[in-house]
Every structure is written in structure tokens, then in C-alpha cells.
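Here the structure is laid out as C-alpha cells; the discussion comes afterwards.
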Amino acid sequence: MIAHDEALEIIKQHVGDAIVIAVYGTAVDWHALRPHPLNYFSVGAMGLAASHGLGIALGRPDKRVIVLDGDGSLTMALGTLITVAGAAPKNFVHILWENGVYQANGGHPLPAREVTDYAGVALAAGYRAAYRFDDKVNLAQQIRSLLAEEGPVFVDLKIDPGPVKKRDYKPLRAQALRDAFKAALARA
Amino acid sequence: MSEKAAPQPQTAPALRGEAILREIRTSGIAYVLALPDLHTSKGLLHPLTRSGDPPIIRLAREDEGIGIASGLSFCGKRALLLMQYTGLLDSVNALRAVSLDYKLPLAMMVGLLGHDPEKPPHESPRYGVKVVTPILDAMGIEHHTLYDDRDLGKIRTAIDRAYDAAEPVAILLARSPVPA
């Protein structure tokens, strides 16, 4: 298992000026770790992060789009993997935070925790490549090249769920963040 | 000798798919985000597939289209979500969270399968159609109904409204479009 904060730190070192879309607890912590106008946050309707990311990837094929998804969120919209595979955006990297629990909703387990092979599902759906990491050393060694690969690429991170943290999602919903994101995209 | 005047051929009301597509194109739509719907299959989605203009992103579920359209909107690109009314009903939370809470534009074209096109949607004989406009009204979502070709001008108005005001707007197809 990889510690949540360590996974974020490793990814942060290699994202460069990519657009990053994150969900729920990961979004709160990502925003604190990498405050950047090209961050976008998908909270309020679970399961849509990859859809937002696909729209941005289609709209800006010149930019790398990285989605930091949750396993609870993705489980609500597994069909999205097929939609992404069909659209086949080359600039799209889908990173899954597989901690096995609904972290934002009390830490309850997913329906098939430690049973579902998300990387296998993504590959079977038609992603160009899918990877799985359960230790930080391998992740740190390979993340740079994975983020540069032709997409759609899926990266399943086995994350230690740790204790349930109470997080404040309200700041992520601020209109100012979306305005800054749109302005940054126009400049980028 | 007097003859009875031949009855004038009456043109049945129709909604022409090609005319709808012209309106979609001139409204600046970059992508159509679609799930097949029997109501729009023959008259709209098949002709659109053949033309490839605008390109289609095919969805697994309708609410994905709300996320994709929002992503495209941040990049300055317009999309049209083409779906059956059942998909609209299935997408209520995404509409609430993304389009309304986040104030993001969304243009929807919704097929009212099974509706009697001589009636307004809220008087539909089909329960699922009958509840569509009351739900949109309750959510504060603007909607326009296309009964026949005389309503084609509503398409551009609705799409412009969605993108100018950054809000969701629904175009309801009361009648199944014909191919030409």
C-alpha cells in the first residue's frame, strides 16, 4: 500500500503544467499541496471526474489532462471507462486512488473491496495501457514516463485508507476557482 | 358541368432532421454527446453519424455528457447533449451539481419518445414525458419545445442562451424528426 500523502507528493513532482482534475478528499489535499489555476475539482456529483477530464482533453488536445479519481466515484460510473476508451484522447491519464472505502462518506467499504481489478477493467474497456502500483518506490520510478505516455492511460494506485479524515469541501466549490481555471486555460 | 374542387394536398406537420442539423451546425456546436434514442435515431442520429459534422462522442450514460460538456465549455467549445427523456430523468443530480450549482452551460436536445406531438409535453399520455417539464420548471431550467419545422429557430436561441447565461437549457422534441 502507498500512503495517501506520499502518492500525492510523488505525482506533484512530475505533473509540470498539466491540468489536474481531482475528487473529494484527494481534491482537498491536492489543492493544499499544489495550489495551481490549472486544478479543477469534481465534487457534488460522484462519478463525473473522468467525464470532466474527457471534455477538457478533447477541448485542449495540446495539454496533458490528469484525473485523480476515487474508487468510490469511479464505481458509480464504470461505463465512463468505455466512453473514454471510445473517444481515445491521447492526452488523458486516469489515476485511481484505490483505498477501498468511501473516504468522504464515513469510511465504509466499497461493494467489492479488494476484489475488483480496476486496472483490468480499464484495460478490458479499451484504455491503451493500464498499470497497478502498491509501493511508492516503483511508483516514483515510473510515474514520469507514465504521465508522458500516449493515452488513454490508467494507473491504479493501492492507497492505504488510513483514518477517516474530516475535510472541508466547501472551498472547492467556490466560483472563483472555476473562473481562475477558465482564465488559466485561455492563457495556457 | 361543375366539378368538385380536388382537395388541396395538406402538408402534415413535420420536424426535419436535416433542418435540425443545420441549426445545430450554425449554433457553433463542436461536439454532439449522444446516446441512441428511438425517437431521434432515424431522423437525427443516423444522418449525423453519416455526415460526421459535428463529430459525435458516444456515451455509456447520459450524465457523462454533462461532465464532458462542462469540460469543453472551459475550453470555449460548445456541445449538445442528445438523449431521450429517460436520460434526462436519470441525470437530475448531475444537472443540479454541475450545471446549476456550478453555473456551467449545457445545451440539451431531448427526445420525447411516445409523446403525442399535438399536445404540450405536460399533457402527454406517457407518464415519463408528462413529468419532464414540471421537473425542469422545479429546477429552474429553461426549456423550449419543438413541435414542427416552424419551431426550428428555437434551437439556436436555446443554445445561445445556455452559453451566454452559463446555465442549462433543454430543447424538447415533441415529434420524431424525419430524415430529410
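Would you confirm, using the coordinates I've provided, whether B:Ala60 is part of a strand (DSSP E or B), in contact with a helix residue (DSSP H, G or I) (Cβ under 9 Å, 6 or more places away or on another chain) and within 13 Å of chain A (Cβ to nearest Cβ)?
No: the conditions fail for B:Ala60.
Just one of B:Leu80, B:Leu95 is within 30 Å of A:Pro171 (Cβ to Cβ), touching a residue at least 24 places away in the same chain (Cβ under 8 Å), touching a helix residue (DSSP H, G or I) at 6+ places or on another chain (Cβ under 9 Å) and within 14 Å of another protein chain (Cβ to nearest Cβ); which is it?
Exactly one of B:Leu80, B:Leu95 is within 30 Å of A:Pro171 (Cβ to Cβ), touching a residue at least 24 places away in the same chain (Cβ under 8 Å), touching a helix residue (DSSP H, G or I) at 6+ places or on another chain (Cβ under 9 Å) and within 14 Å of another protein chain (Cβ to nearest Cβ), namely B:Leu95.
For the list (1) at pLDDT 95 or above; (2) buried (at least 24 other Cβ atoms within 10 Å of the Cβ); (3) not small (Gly, Ala, Ser), I need the number of the one condition that A:Pro61 fails.
(2)
Scan region A:65-73 and tell me whether some residue there is farther than 23 Å from B:Asp101 by Cβ, among the acidic types (Asp, Glu) and either facing another protein chain (nearest Cβ under 8 Å) or touching a Phe, Trp or Tyr at 6+ places or on another chain (Cβ under 9 Å) (or both).
Yes, region A:65-73 contains at least one residue that is farther than 23 Å from B:Asp101 by Cβ, among the acidic types (Asp, Glu) and either facing another protein chain (nearest Cβ under 8 Å) or touching a Phe, Trp or Tyr at 6+ places or on another chain (Cβ under 9 Å) (or both).
Got at least one residue in region A:76-84 being more than 13 Å from chain B (Cβ to nearest Cβ), in contact with a helix residue (DSSP H, G or I) (Cβ under 9 Å, 6 or more places away or on another chain) and buried (at least 20 other Cβ atoms within 10 Å of the Cβ)?
no
Out of B:Glu123, B:Glu167, which single residue is within 14 Å of chain A (Cβ to nearest Cβ), of a type in the set (Asp, Glu) and either in contact with a Leu (Cβ under 7 Å, 6 or more places away or on another chain) or surrounded by fewer than 21 Cβ atoms within 10 Å (Cβ to Cβ) (or both)?
Exactly one of B:Glu123, B:Glu167 is within 14 Å of chain A (Cβ to nearest Cβ), of a type in the set (Asp, Glu) and either in contact with a Leu (Cβ under 7 Å, 6 or more places away or on another chain) or surrounded by fewer than 21 Cβ atoms within 10 Å (Cβ to Cβ) (or both), namely B:Glu167.
Can you go through B:Gly71, B:Gly65 and tell me which one is in contact with a strand residue (DSSP E or B) (Cβ under 9 Å, 6 or more places away or on another chain), free of Cβ contacts under 8 Å to residues at least 24 places away in the same chain and within 14 Å of chain A (Cβ to nearest Cβ)?
B:Gly71
Can B:Ser91 be described as among the polar types (S, T, N, Q), crowded, with 19+ Cβ neighbours inside 10 Å and closer than 20 Å to B:Ala30 by Cβ?
no
Taking the stated definitions as given, is A:Ala18 within 21 Å of B:Leu95 (Cβ to Cβ), at pLDDT 95 or above and touching a helix residue (DSSP H, G or I) at 6+ places or on another chain (Cβ under 8 Å)?
So A:Ala18 fails the test.
I'd like the full set of residues that are of a type in the set (Val, Ile, Thr), within 14 Å of another protein chain (Cβ to nearest Cβ) and touching a residue at least 60 places away in the same chain (Cβ under 8 Å), limited to region B:19-36.
Correct list: B:Ile29 only.
Which one of the conditions (1) of a type in the set (Gly, Ala, Ser); (2) surrounded by fewer than 18 Cβ atoms within 10 Å (Cβ to Cβ); (3) not in a loop (DSSP other than H, G, I, E, B) does B:Ser73 fail to meet, given that it meets all the rest?
Only one criterion in (1) of a type in the set (Gly, Ala, Ser); (2) surrounded by fewer than 18 Cβ atoms within 10 Å (Cβ to Cβ); (3) not in a loop (DSSP other than H, G, I, E, B) is unmet by B:Ser73, namely (2).
Yes/no matrix, rows are residues, columns are (1) under 24 Å from A:Ala85 (Cα atoms); (2) assigned to a loop (DSSP other than H, G, I, E, B):
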{"site": "B:Ile24", "(1), (2)": "no, no"}
{"site": "B:Pro36", "(1), (2)": "yes, yes"}
{"site": "B:Gly43", "(1), (2)": "no, no"}
{"site": "B:Pro54", "(1), (2)": "yes, yes"}
{"site": "B:Gly65", "(1), (2)": "yes, no"}
{"site": "B:Leu81", "(1), (2)": "yes, no"}
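Scan region A:129-188 residue by residue and report those that are within 16 Å of the chain's Cα centre (by Cα) and within 12 Å of chain B (Cβ to nearest Cβ).
A:Leu172
Restricting attention to region B:98-120, which residues are part of a loop (DSSP other than H, G, I, E, B), within 14 Å of another protein chain (Cβ to nearest Cβ), out of contact with any Gly (no Cβ under 8 Å at 6 or more places or on another chain) and surrounded by 16 or more Cβ atoms within 10 Å (Cβ to Cβ)?
Within region B:98-120, B:Leu104, B:Pro105 qualify.
Consider A:Gly151 carefully, then state whether it is in contact (Cβ under 8 Å) with a residue 60 or more places away in the chain and at positive phi.
For A:Gly151, the condition - in contact (Cβ under 8 Å) with a residue 60 or more places away in the chain and at positive phi - is not met.
The values are calculated or read from the model by the stated rules, or taken from the named source; none is laboratory data. Worth saying up front: this structure is predicted, and the values here are computed from it rather than measured. Backbone-built Cβ (ideal geometry, glycine too); neighbour counts: all protein chains shown.
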